[in-house]
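The values are calculated or read from the model by the stated rules, or taken from the named source; none is laboratory data. Please read all numbers here as calculations on a predicted model, not as lab measurements. In this analysis, Cβ positions are derived from the backbone assuming ideal geometry, glycine residues included, and neighbour counts consider all displayed protein chains. Side chains included, ligands, DNA and RNA excluded: accessible areas come from the protein's heavy atoms. Shrake-Rupley method; radii C 1.70, N 1.55, O 1.52, S 1.80 Å.
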Amino acid sequence: MNGKGDLDQNPTPPSSQRRPRGFAATAAAAAAAAGSNSGASAAAKGRKERDKEKERTKLRERHRRAITSRMLAGFRQYGNFQLHARADMNDVLAALARQAGWTVEPDGTTYRSSTPGPPPSQPLTPSSAGSLKNSAVRSSLECNPPILMIEECLSPASLDSVMAAEKDQKSERYGNSVVPAISADSISPDQLMHDVQPCRHNDDFSATPYIPVFAMLPAGVVNGYCQLVDVEGVRGELRRLELLGLDGVVVECWWGIVEGWGPQKYCWAGYRDLFTAIADFKLKVHVTIAFHEGSHVPVSLPKWVLDVAKENPDIFFADRAGRHHTDCLSLGVDGERVLCGRTALEVYFDMMRSFRAEFEELFACGLISGVEVGLGASGELKFPSFPDCLGWRYPGIGEFQCYDRYMLQSLEMEAKRRGQESWGRGPDNTGHYNARPQETAFFCDGGDYDGLYGRFFLRWYSNALIIHADRVLSLARLLFPDTLLIVKIPAVYWWYRTASHAAELTAGYYNPANRDGYLPLFDALAKHSAAVKLVFAPTAEADALTWQVLNSAWDRGLTVAGQAAAGCLDRESLRRLLAASKPRGHPDGRHLAFFVTSAASSELHHLVKCMHGELP
């Protein structure tokens, strides 16, 4: 039968859709491509949002840990709570409850000690809520200011001793008005990474470890002719420092003064007069052998070295544009006989040997107790990547200083050794002295610094600094076998919170966010039992770098000292220095071996008392 039922049971198949042709086909293809692109764009956007959420989660966790760490530090220091090293917030609550007269069982059951046993569980009534609001505990909590951002100056020991808080605080009451607390969700990552005003600890450092304090003598006490300028003025200054209770002074012996007029013609007359004056006071001496130009005093490199540079400017460092500056000799000439027949290492050794022979009796009697060896720009172990004379201004990232002939030869040789001849060049996408990391293709997040070539180059660049330190310290240890050798480490803290740590990279410290660039250096210093003298910058932004360097050096068993940077003269800066010099509650009892500051500091008396563990 061909009835309607048959038609319903065997429907006619629909005709196939016609394939578009001509302009219709082009439009359809464009639509399909647009849909594919939009899908890829949406996927990329989704990944970016997930990455941002991961970063926000990390920052929220860091925020909670910082708050918890402060609380535990305060309980231990001011409340005498005997909290163990891995205490968490449950331990804190139990300690507070016991202090308030409550009983806390091991399983967490808590009840008033006056009752025979734990009371039955009851919901919180309005009357009980009102009594809690009026209690002294509530009042003490309400007087605390809200913490809006985390503090980066916390000790790693205190961070390791806590666990994350259970949950974020939702609100705080001020008087009769209620305002919402600022949570980590409502704060941008940049705000969270910014430093909060540091916790104000008590200025009482009495009964803390004794840290000797040394003062830098005023600039220019010995003039360019190696003469002591003002004997009576110097003696008056030394008398003042002795009365203030200082342990010693730091004397800079400038290469440009001692060997200023001819190779291997040394003059120590002014320094001998200075040491004779110091010997009349109860002060020790740390001597700095300065192989660089003076920044705070007009002392250049020796005249005969500058004459050599007129014919061969590549004995000095050069930037990518080929500009040289005369702060110090290039590391590339350490083994090159370009200094009137001597290598740079031989020049350094000859001056240190002359110093040892001239003042042998001062080492024997113990007047000279330490020798700091200049290893780079400004006497610090670093490349001169931030030259003011070439226009650098804080907080520029600086530029790599490896474009003189000798450094480039070393780079080419290393590239050939690795089978990558094309890598024997410096990077060409690093911006300029005053650029910011995200403005360059090399230092930006995910930039070339973390690629194959970038890793090769940065490892070579930083190793050149480490090898230089190892060689010079080997010579110094031969001449000063029983004397404390000191190496000055800079505080290149700006851009520390970026992934690349760009300013550290150009200075020679391969210390990006995923690598500890100080450990290889400290391994080399440990071979020579050298002490690390870290420059302390007067800003909260430097605290994270300070803690990394301090703990990396202590982990390698090195003696660690500190020096106040220019500007660390006010009371707040000194408070920060003291807190870093004597970490409160450090599990290993670590503290600085000695501290160096300016003799002109208005807070010198206060600093000395606190460093010595006395009442200021």
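Condition first: under 28 Å from A599 (Cβ atoms) and touching a Ser or Thr at 6+ places or on another chain (Cβ under 7 Å). Can you find one or more residues in segment 330-351 that meet it? So far as segment 330-351 goes, no, none of its residues is under 28 Å from A599 (Cβ atoms) and touching a Ser or Thr at 6+ places or on another chain (Cβ under 7 Å). Any residue that is farther than 24 Å from V596 by Cα, in a loop (DSSP other than H, G, I, E, B) and out of contact with any Phe, Trp or Tyr (no Cβ under 9 Å at 6 or more places or on another chain) - is there at least one of those in segment 474-497? Yes, the conditions are met somewhere in segment 474-497. For segment 386-402, the candidate set comprises residues that are in contact with a strand residue (DSSP E or B) (Cβ under 6 Å, 6 or more places away or on another chain) and assigned to a loop (DSSP other than H, G, I, E, B); within that set, the residue that is modelled with the highest pLDDT is Q401.
For E242, state whether it is in a helix (DSSP H, G or I), closer than 25 Å to E380 by Cβ and at pLDDT 95 or above. For E242, the condition - in a helix (DSSP H, G or I), closer than 25 Å to E380 by Cβ and at pLDDT 95 or above - is not met. For segment 498-511, the set of residues classified as assigned to a loop (DSSP other than H, G, I, E, B) and either under 16 Å from G376 (Cα atoms) or open to solvent by 20 Å² or more (accessible area, probe 1.4 Å) (or both) consists of T498, A499, G508, Y509, listed by residue number. Looking across segment 384-440, the residues that are hydroxyl-bearing (S, T, Y), in contact (Cβ under 8 Å) with a residue 40 or more places away in the chain and over 21 Å from E293 (Cβ atoms) come down to S410, T430, T440. Against the test of being in contact with a helix residue (DSSP H, G or I) (Cβ under 8 Å, 6 or more places away or on another chain) and either among the hydrophobic types (A, V, I, L, M, F, W, C) or part of a helix (DSSP H, G or I) (or both), the options V250, V308 yield a single qualifying residue, V308. Among the candidates G379, G391, the residue that is closer than 21 Å to L465 by Cβ and small (G, A, S) is uniquely G379. Residue check: is R471 closer than 17 Å to D428 by Cα, out of contact with any Lys or Arg (no Cβ under 9 Å at 6 or more places or on another chain) and modelled with pLDDT of 95 or more? Spelling it out, it is not the case that R471 is closer than 17 Å to D428 by Cα, out of contact with any Lys or Arg (no Cβ under 9 Å at 6 or more places or on another chain) and modelled with pLDDT of 95 or more.
Looking at segment 421-459, which of the residues that are outside any loop (DSSP other than H, G, I, E, B) and of a type in the set (S, T, N, Q) is surrounded by the fewest Cβ atoms within 10 Å (Cβ to Cβ)? Result: S422. W554 falls short of the stated requirement of being in contact with a Pro (Cβ under 7 Å, 6 or more places away or on another chain) and part of a helix (DSSP H, G or I).
Exactly one residue out of D543, D482, D523 is more than 11 Å from L381 (Cα to Cα) and either open to solvent by less than 20 Å² (accessible area, probe 1.4 Å) or within 13 Å of the chain's Cα centre (by Cα) (or both): that is D543. Are any of the residues in segment 460-470 closer than 30 Å to Y348 by Cα and touching a strand residue (DSSP E or B) at 6+ places or on another chain (Cβ under 8 Å)? Scanning segment 460-470, I find at least one residue that is closer than 30 Å to Y348 by Cα and touching a strand residue (DSSP E or B) at 6+ places or on another chain (Cβ under 8 Å), so the answer is yes. A count restricted to segment 407-420 and to residues that are among the small types (G, A, S) and assigned to a helix (DSSP H, G or I) stands at 2. Mind listing whichever residues of segment 492-548 are β-branched (V, I, T) and in contact with a helix residue (DSSP H, G or I) (Cβ under 6 Å, 6 or more places away or on another chain)? Scanning segment 492-548 gives V492, T498, V532, T546.
Counting only residues that are open to solvent by less than 60 Å² (accessible area, probe 1.4 Å), out of contact with any His (no Cβ under 9 Å at 6 or more places or on another chain) and within 25 Å of V305 (Cα to Cα), segment 221-253 holds 8 of them. Restricted to segment 564-591, and to residues there that are closer than 22 Å to V250 by Cβ and assigned to a helix (DSSP H, G or I), the residue that is most open to solvent (accessible area, probe 1.4 Å) is R576.
Taken together, the criteria place F383 among residues that are in a loop (DSSP other than H, G, I, E, B), within 27 Å of the chain's Cα centre (by Cα) and under 19 Å from A318 (Cβ atoms). The residues of segment 438-466 that are within 21 Å of the chain's Cα centre (by Cα) and either over 23 Å from P520 (Cβ atoms) or among the aliphatic types (A, V, I, L, M) (or both), listed by number, are Q438, C444, D445, L458, A464, L465, I466.
Reported count of residues in segment 592-611, each being open to solvent by 20 Å² or more (accessible area, probe 1.4 Å), in contact with a strand residue (DSSP E or B) (Cβ under 9 Å, 6 or more places away or on another chain) and at pLDDT 90 or above, is 1. When Q420 is tested against (1) closer than 27 Å to A321 by Cα; (2) touching a His at 6+ places or on another chain (Cβ under 8 Å), exactly one condition is not met: (2). The residues of segment 512-545 that are in a helix (DSSP H, G or I), within 14 Å of Y493 (Cβ to Cβ) and free of Cβ contacts under 8 Å to residues at least 60 places away in the same chain, listed by number, are A542, L545.
Against the test of being of a type outside the set (S, T, N, Q) and open to solvent by 30 Å² or more (accessible area, probe 1.4 Å), the options D319, D307 yield a single qualifying residue, D307.
Conditions (1) of a type outside the set (G, A, S); (2) touching a Gly at 6+ places or on another chain (Cβ under 8 Å); (3) surrounded by 16 or more Cβ atoms within 10 Å (Cβ to Cβ), marked per residue:
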| site | (1), (2), (3) |
| --- | --- |
| L345 | yes, yes, yes |
| F349 | yes, no, yes |
| E360 | yes, no, no |
| C365 | yes, no, no |
| V373 | yes, no, yes |
| C389 | yes, no, no |
| I397 | yes, yes, yes |
